[in-house]
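Student: Here you go, one structure.
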Amino acid sequence: MNRGIYIVANDRVIENAIALLNSIRFYDKEVTVYLIPFNDNYHKVAEKLATLHNVQIFPDLELIEKFTQRIGEIFDRDFLALPNKMRKLVAWFGPLDEFIYIDTDIVVFEKIADNLDKLAEVDFFCCDYHHANDKLRNIFSPLVKEQQIFTPTQLEDVFNSGFWASRKGIFTQQEMDETLRECASHREYFDFSEGVTDQPILNYLILKLIAKRGNLVKIPGGGPGSWAGSRNFQQQSYALYDRGQRLKYLHWAGIKMQTGSPYWQLWEHYRYLHEGQFAFIPKLTRRLFPFITART
């Protein structure tokens, strides 16, 4: 069984990508990680992640290009804010039999690939509280509920598109294309009001094509949260805890990544982890006193 992780990145998000991979490799030295290029400007991040952590470029770049062209043919130009975000969908047709997709504005706090064992029970899982906190916001318009496009039970499975897992072969490229064309024909189903792109479409795709779904937080008592906008997490040894439960990951979804952002020092710790003993030094200190890190 070929298992691993997919990320989407380009040179613009190189700092976040380094932080994410540093955290992944801290807990798991061996898991296979593939980079799906967001666009043609990915060579710096690809080289850096390959050197640091043996990250491989998605092996079928032609497939990505053809998929990107199809997205342009299926959806009107003004339908999707950032059409290339849809490239993550090629994960279902890549080299991994079972995979986790992870956005680059995330750091993990465990051997994250172990969660793929959940695929023994379901064909898709997520790990977030979008269903409980945001309901259908940034996914579907009220029309979807009013017209009963999905049942109330199905709509309880909506999720954030930054962290999820599935397996190869769940559906065909033709089935995906047909479902994407349904989406393109019904813009009124979706909530793009806050600038999201792939999340509404991905949710529609999953609810439509995958019946066996799961959510890792839906356990007795509830699992730990994951959103960096939650200020109630407690930090211990460069990991976060929620009501005594260790977070699987932290996601800065919708939060601008900069000094002063929630849990910023934790992000800096993982960003500079590969630089050795000076990983704890804040970025501002590095700028003011570059001689401190001269040996790293």
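The values are calculated or read from the model by the stated rules, or taken from the named source; none is laboratory data. What you see is a predicted model; the values in this text were computed from it and never measured. In this analysis, Cβ positions are derived from the backbone assuming ideal geometry, glycine residues included, and neighbour counts consider all displayed protein chains.
Student: Which count do you get for residues in region 215-224 that are in a loop (DSSP other than H, G, I, E, B) and in contact with a helix residue (DSSP H, G or I) (Cβ under 9 Å, 6 or more places away or on another chain)?
Tutor: So the answer is 4.
Student: Name the pairs whose Cβ atoms lie under 6 Å apart, with the first residue in region 61-86 and touching a residue at least 12 places away in the same chain (Cβ under 8 Å), the second part of a loop (DSSP other than H, G, I, E, B) and crowded, with 16+ Cβ neighbours inside 10 Å, and 6 or more positions between them or separate chains?
Tutor: Taking only residues 6 or more apart or on different chains, the pairs are Leu80/Thr197; Ala81/Thr197; Leu82/Thr197; Asn84/Phe38; Lys85/Thr197.
Conditions (1) buried (at least 20 other Cβ atoms within 10 Å of the Cβ); (2) over 27 Å from Cys183 (Cβ atoms), marked per residue:
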residue	(1), (2)
Tyr6	yes, no
Asn10	yes, no
Asn16	yes, yes
Asp28	no, yes
Tyr42	yes, no
Ala50	no, yes
Asn54	no, yes
Ile57	no, yes
Glu65	no, no
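Student: List the strands (runs of 3 or more DSSP E) that sit entirely inside region 225-270 and contain at least 1 residues that are within 19 Å of Asp134 (Cβ to Cβ) and touching a helix residue (DSSP H, G or I) at 6+ places or on another chain (Cβ under 8 Å).
Tutor: Filter on region 225-270 gives 249-251.
Student: Still on this model: Any idea which of (1) surrounded by 19 or more Cβ atoms within 10 Å (Cβ to Cβ); (2) in contact (Cβ under 8 Å) with a residue 60 or more places away in the chain; (3) under 17 Å from Asn203 (Cβ atoms) is the one Leu96 doesn't satisfy?
Tutor: For Leu96, the exception is condition (3).
Student: Please work out which one of (1) of a type in the set (D, E, K, R); (2) surrounded by fewer than 20 Cβ atoms within 10 Å (Cβ to Cβ); (3) not in a loop (DSSP other than H, G, I, E, B) is the condition Arg77 fails and give its number.
Tutor: That leaves (3) as the condition not met.
Student: Given (1) within 17 Å of Ser166 (Cβ to Cβ); (2) touching a strand residue (DSSP E or B) at 6+ places or on another chain (Cβ under 8 Å), identify the lone condition not met by Gly225.
Tutor: Only one criterion in (1) within 17 Å of Ser166 (Cβ to Cβ); (2) touching a strand residue (DSSP E or B) at 6+ places or on another chain (Cβ under 8 Å) is unmet by Gly225, namely (1).
Student: Looking at region 86-123, which of the residues that are β-branched (Val, Ile, Thr) and not in a helix (DSSP H, G or I) is nearest to the chain's Cα centre (by Cα)? Talk me through it step by step, then tell me what you get.
Tutor: If we filter region 86-123 for residues that are β-branched (Val, Ile, Thr), which is where we start, we get 90, 100, 102, 104, 106-108, 112, 122.
Still in the list and also not in a helix (DSSP H, G or I): 100, 102, 104, 106-108, 122.
Details: Ile100: 8, Ile102: 3, Thr104: 7, Ile106: 7, Val107: 10, Val108: 11, Val122: 19 Å.
Among them, the one singled out is Ile102.
Student: Considering only region 176-204, how many residues are part of a helix (DSSP H, G or I) and either at pLDDT below 95 or under 16 Å from the mean Cα position of the chain (by Cα) (or both)?
Tutor: Residues in region 176-204 being part of a helix (DSSP H, G or I) and either at pLDDT below 95 or under 16 Å from the mean Cα position of the chain (by Cα) (or both): 6 in total.
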